[in-house]
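Remarks on the structure that follows.
Just so it is clear, none of the values below were taken in a lab; they were calculated from the coordinates. Note that this is a predicted model, so its numbers are computed, not measured. Note that each Cβ is placed from the backbone with ideal geometry, even for glycine, and that neighbours are counted across all protein chains shown.
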Amino acid sequence: MEGKVRTRFAPSPTGFLHIGSLRTALYAYALAKKNNGDYVLRVEDTDQKREVKGAVEALKETLLKFNLKWDEYYVQSERLEKYKEAAEKLVAEGHAFYCECKAKNAKEEGFSAELRDPCRDKKLTSGAIKLKVPEGETLAYFDFVHKKEISWNSETVYDATLLKSDGFPTYHLAVAVDDIDMKISHIIRGHDWLPSTPIHLLVFKYLGGPIPAIGHPTDILSGETGKKLSKRRDSVFVEQFLKDGYLPESLINFILLLGWAPKDNRELFTLEEFVGNFDINGFQEANPKFSIEKLNWFNGYYIRKKSDDELLVLLKPYLPENADFEKVKQIIPLIKDRLIKLSDFSTFAEFFFDYKKPDMKLFGENYKKHLETAFKIIESTEPFDLESLNSKLMVVVKDNNFKTGEFFMDLRIAVAGSKFTPPINESIVILGKEETLKRLREFV
RNA sequence: GGCCCCAUCGUCUAACGGUUAGGACAGCACCCUUUCAAGGUGUAAAUUUGGGUUCGAUUCCCAGUGGGGUCACCA
């Protein structure tokens, strides 16, 4: 009874990849790969009006950044004949009918679908094709996310459109035709699809195809509003997170845990480890809230795990224009532990490239003495390396009875312009004697 | 409103009907430390309510309450 596991990710090319879609793709990928099966990418471009040019390429590109490589690839608009054929077959067999009513749209004021379409018994021979929902049937399936049977009385299911008058199928038809044709074994799709499942159950049945196992992972809720993530209010686009300096491995690790957990409650996963540990029984049934805190932690964690050389490459888009790579290379070890996002580079390292004179109020009361002393020492330090700078500065702090913390804080503020910086002596060595003295001269 | 789904710390979650209800993030405290981090140690923090079933319910059943989704010739 168990054939090959084949899953699919079926986005519609209406824009950039949504973070929730990434999660769905991840689950579909893991389910297939865990079972040595196939993962199919299917572009559902059956609504010409909503299609965005370039979206398909962008989607593929984003998916590949996460290493979610598909084994097969299909585009629905290239398969129109199949849908038409299927719809006509349903009409011929009495499971669907033509309808010539004016196309309706939910956005029209006060509109709500009629359960039983007035055209269903008119025996028309052209127009759109709609599903003839039977009376008195129980439509049920076992949901592998919820781990239980979910059912509807057919009286509550409306005569959904299957083939639009423009000859394109609706999702309801295309999904069944394709899943049968492509031998999909498991459907994993967003929870928002659950209410239309009875329609699909009927279409699958009438088409004579095997009904795949079906699972609806939870919706991801906004941490702010508690509602489903929305493009308007929340940041939802994967590319935006990437641009903001989140690493693909953090995004994946964070998102896979929103709605799924292993028995041992392990939390750190690479894509390969996730695939290896994937268990179809690990889905969570309650809607999780998206909270950026944990994502931030994952991102800091994965940044710290990068080698300095890897970070140099990753940081490129976030460096100042005049940045010299040799200098950045030296800076990286100093700020690595401090980065939450790659884009934080500037907040910690900007002073290396661009000096802003600090607010005088930041200094302690003895700053003048501190800075004069520091100036002399730095000027006379030779060779200008960390070791000699450390020891000479400490000697002078002792000799003058300065408070160590206060001395270095004033030095820090003068040189870096802030109270919060990477280790200051290390920074001074990278900055160089000349530049450091130039900055100190402002205060002595 | 109809239909459907759901309910453990603030958040993500673990717990064959028997645990001092565990972990992680965030919080707090301490340690480390010339700042901020990172790291270490510790701490506070949860089973929605009411009924059953059971020797025993976070766990099973029913109801309430609460939250979410969906009701297009969009996907």
Give me the angle, in degrees from 0 to 90, between the Cα long axis of helix A:292-305 and the longest principal axis of the Cα atoms of chain A, rounded to the nearest 10.
-> 60 degrees
Which length gain, in nm to one decimal place, applies between A:Ala58 and A:Lys305 when the Cα-Cα distance is subtracted from 0.36 nm times their residue separation?
-> 86.1 nm
When a footprinting reagent is the concern and you count Cβ atoms within 10 Å, what order do A:His186, A:His370 take, fewest first?
-> A:His186, A:His370
For peptides A:403-413, A:151-161, sequence by mean Cβ density within 10 Å, most packed first = A:403-413, A:151-161
Using a ≥ b ≥ c from the Cα gyration tensor of region A:360-440 (square roots of the eigenvalues), is it rounded, prolate or oblate, where a/c under 1.5 gives rounded and otherwise the larger of a/b and b/c decides, a/b for prolate?
-> oblate
Of A:His18, A:Val91, A:Val56, whose Cα points farthest to the positive end of the dipole of region A:1-124 (charges on the beta-carbon: +1 Lys, Arg; -1 Asp, Glu; origin at the Cα centre)?
-> A:His18
As a percent rounded to 5, the proportion of antiparallel DSSP bridges among beta bridges in chain A is 50 percent
Would you mind getting me the FRET efficiency between A:Asp359 and A:Glu321? Use the beta-carbon distance for r and R0 = 30 Å, nearest 0.05.
-> 0.70
Here FRET efficiency (C-beta to C-beta, A:Asp181 to A:Thr14, R₀ 25 Å, nearest 0.05) is 0.60
From the backbone phi of region A:336-348, what are the Karplus-calculated ³J(HN,Hα) couplings (6.51 cos²θ - 1.76 cosθ + 1.60, θ = phi - 60°) in whole Hz, Gly and Pro given as x?
-> 3, 6, 9, 6, 9, 10, 4, 5, 6, 3, 5, 5, 9
Mean-square fluctuation maximum in Gaussian network of chain A, Cα pairs under 10 Å, restricted to A:Pro423, A:Pro217, A:Pro288, hits A:Pro423
Dipole magnitude (debye, nearest 20) for chain A, charges at Cβ of Lys, Arg, Asp, Glu = 540 debye
Which value in nm describes the separation of the simple spin-label points at A:Asp121 and A:Tyr73, placed 7 Å from the Cα toward the beta carbon?
-> 5.0 nm
Report the convex hull volume per residue for chain A, counting only C-alpha atoms, in Å³.
-> 186 Å³
If you take the beta carbon distance between A:Asn277 and A:Ser230 as r and set R0 to 30 Å, what does 1/(1 + (r/R0)^6) give as a FRET efficiency, to the nearest 0.05?
-> 0.45
Amide H to amide H under 5 Å from A:Gly127: which residues, 5+ apart in sequence or cross-chain, H placed 1.01 Å off N in plane?
-> none
What is the list of residues in region A:145-185 whose amide nitrogen lies under 20 Å from a point 7 angstrom out from the Cα of A:Ala261, following Cα to Cβ?
-> A:145-148
Sort A:330-337, A:21-28, A:305-312 for me by packing, meaning the mean count of neighbouring Cβ atoms within 10 Å per residue, highest on top.
-> A:21-28, A:330-337, A:305-312
What is the Cα centroid distance between region A:120-134 and region A:8-86, reported in whole angstrom?
-> 31 Å
So what's the back-of-envelope 222 nm ellipticity for chain A, counting only DSSP H runs of four-plus at -39500 (n - 2.57) apiece and dividing by all residues, rounded to 500?
-> -12500 deg cm²/dmol
List, in order, the whole-Hz ³J(HN,Hα) value for each residue of region A:218-223 obtained from phi through the Karplus relation with A = 6.51, B = -1.76, C = 1.60 and θ = phi - 60°; use x for Gly and Pro.
-> 4, 7, 8, 9, 6, x
